[in-house]
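The values are calculated or read from the model by the stated rules, or taken from the named source; none is laboratory data. Computed from a predicted model, the values in this text were never measured in an experiment. Using ideal geometry, Cβ is built from the backbone for each residue, glycine included, and neighbour counts are taken over all protein chains shown. Just the protein is used for accessible areas: all its heavy atoms, side chains included, with ligands, DNA and RNA removed. Shrake-Rupley method; radii C 1.70, N 1.55, O 1.52, S 1.80 Å.
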Amino acid sequence: MQFASDNWAGVAEPVMAALQHANAGLAPAYGGDDLTRAVERRFAEVFDHEVALFMVSTGGAANALALSALSPPWGMVVCHAESHIQMDECGGPEMFTGGAKLLPVPGPSAKLTVESVRAALRGFPERPPHGCPPSVLSLTQATECGTVYTPAELTALGALAREQGLRVHMDGARFANAVATLGCHPAEISWRAGVDVLCFGGTKNGAMAAEAVLFFDPGLARDFAFRRKRAGQLWSKQRFLAAQFEGLLAEDAWLQLAGQANAMARRLAEGLAAIDGVEIVHPCQINEVFVAFPDGVAEALRARGAAFYPWITPCDETGGRTQRLICSFASSADQVDAFLKATADCVAAARKA
């Protein structure tokens, strides 16, 4: 009954096999290897677009470094109030951009809208040199509340960004889960919708430690190699980062792994929704389930060995009752069903108490 995070899962078999294969023999260091170049070509094929690829080992580094390439130190990054860059990266974006201001914007289920972004921008009129000029719109796909932007929604947000002179950054830590849910071409929710830089997540989807910063306009990446080096994110044995993406991208393993995680979350959400007194807080659209249990039930489930975390944000409307449960590619129907039975038992016991 482990639903704490998809980061708790191990390494998926296609990734481990690719790592073992890459371990044979010698290869040039610092990205001069054939595998790195092959993975860049493979990403270009997946997205049907030229990309400049930079691999790093953490999502926080990917986001912070990507934003540093898009915003000057005096710029402003528009993001959701529950976004990872706002809530969970310990000021990393501010540090790597040299001080760019984050403008958190609220919205239901962690989604921005054209209307909410436009309203936020109206509150910050140009006042040089006193006000920070908006420079970047940061979107999260899928969102921190487990919801997804449709291609149409992203296209509208991308058009607004262009109208306002903003670059578009996408935190795609769970981009694979979004594509698996939408069943669309990856391009439809990235560069075709106006995204300039995508931080493509691997770690939450079966990699050991691998994130890819993809620039759809290579011109924006002209000094990114130096930014990555200064951040301590240039791996000398980079072939082992590349190998992880080789394993994920081969035969669409990245979509199969994400699809399995999504399917288990749907099973979990549907089962929980059928238990009287249990509330599903956000639509379950990827591999995350946000739920509010009756009083005492979350504690009782943890006492039985279940692992999941409370979800506390400035936007929480449940009075601190929301819990987040995450499935991974390694989650099974038996694990889900065991948790559902335990939940039903704990709810029944709470009623009798």
Which number comes out as Rg/Rh for the range 239-349 once both Rg and the Kirkwood Rh are worked out on C-alpha atoms?
1.06
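To the nearest whole percent, what portion of all C-alpha pairs in the range 152-245 is separated by more than 17 angstrom?
Details: 2515 of 4371 pairs.
For the range 152-245, the share of Cα pairs beyond 17 Å comes to 58 percent.
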The orientation-averaged projected area of the Cα convex hull of the range 104-178, in nm², is 5.0 nm²
Once a ≥ b ≥ c are taken as the square roots of the eigenvalues of the Cα gyration tensor of the range 119-158, is the result rounded (a/c under 1.5), prolate (a/b larger than b/c) or oblate (a/b not larger than b/c)?
prolate
Given the Cα-Cα distance of N7 and E279 and 0.36 nm per residue of separation, how much length would full extension add, in nm?
95.4 nm
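Let's see if you can work this out: charge +1 on each Lys and Arg Cβ, -1 on each Asp and Glu Cβ, no other charges. What is the dipole magnitude of the chain about its Cα centre, in debye to the nearest 20?
620 debye
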For the pair S332/D252, report the inter-label distance in nm, with labels modelled 7 Å from Cα in the Cβ direction.
2.6 nm
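Given all pairs of different Cα atoms, what value in angstroms does the Kirkwood hydrodynamic radius of the chain take? Write down the numbers at each step before the final one.
Working: mean 1/r = 0.0477 Å⁻¹.
For the chain, inverting the mean 1/r across all distinct Cα pairs yields 21.0 Å.
With a probe of 1.4 Å, find how much accessible area the chain has per residue, and write the answer as a whole number in Å². Walk me through the numbers before you get to the answer.
Working: 14810 Å² over 353 residues.
Accessible area per residue: 42 Å².
What ranking of T58, T97 comes out by heavy-atom accessible area, probe 1.4 Å, highest first? Walk me through the numbers before you get to the answer.
Working: T58 60, T97 10 Å².
From most accessible down to least: T58, T97.
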Whole-Å distance, taken between Cα centres, linking the range 176-254 and the range 30-60
7 Å
Project the alpha carbons of the range 34-108 onto their principal axes and report the range along each, largest first, in whole Å.
40, 30, 20
If R0 is 35 Å, what FRET efficiency do you get for D48 and R222 from their C-beta distance, rounded to 0.05?
0.90
Mind jotting down a quarter of the surface of the convex hull over the alpha carbons of the range 157-204, in square nanometres, one decimal?
3.2 nm²
Lys pairs, the chain - Cα-Cα below 28 angstrom, 8 or more residues apart or on other chains:
9
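Give the carbon-plus-sulfur fraction of the accessible surface of the chain in %, rounded to a whole number; probe 1.4 Å, heavy atoms of protein chains only.
Details: 8020 of 14810 Å².
Summing carbon and sulfur atoms, their accessible area is 54 percent of the total for the chain.
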At R0 = 22 Å, FRET efficiency that the Cβ-Cβ distance of A187 and D88 yields, to 0.05
0.20
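Could you work out the Rg to Rh ratio of the range 51-164, with Rh taken as the Kirkwood radius (inverse of the mean 1/r over all Cα pairs)?
On the way: Rg = 13.8 Å, Rh = 14.5 Å.
When Rh is taken as the Kirkwood radius, the ratio is 0.95.
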If you project the alpha carbons of the range 176-225 onto their three principal axes, what span does each projection cover, largest first, in Å?
33, 28, 9
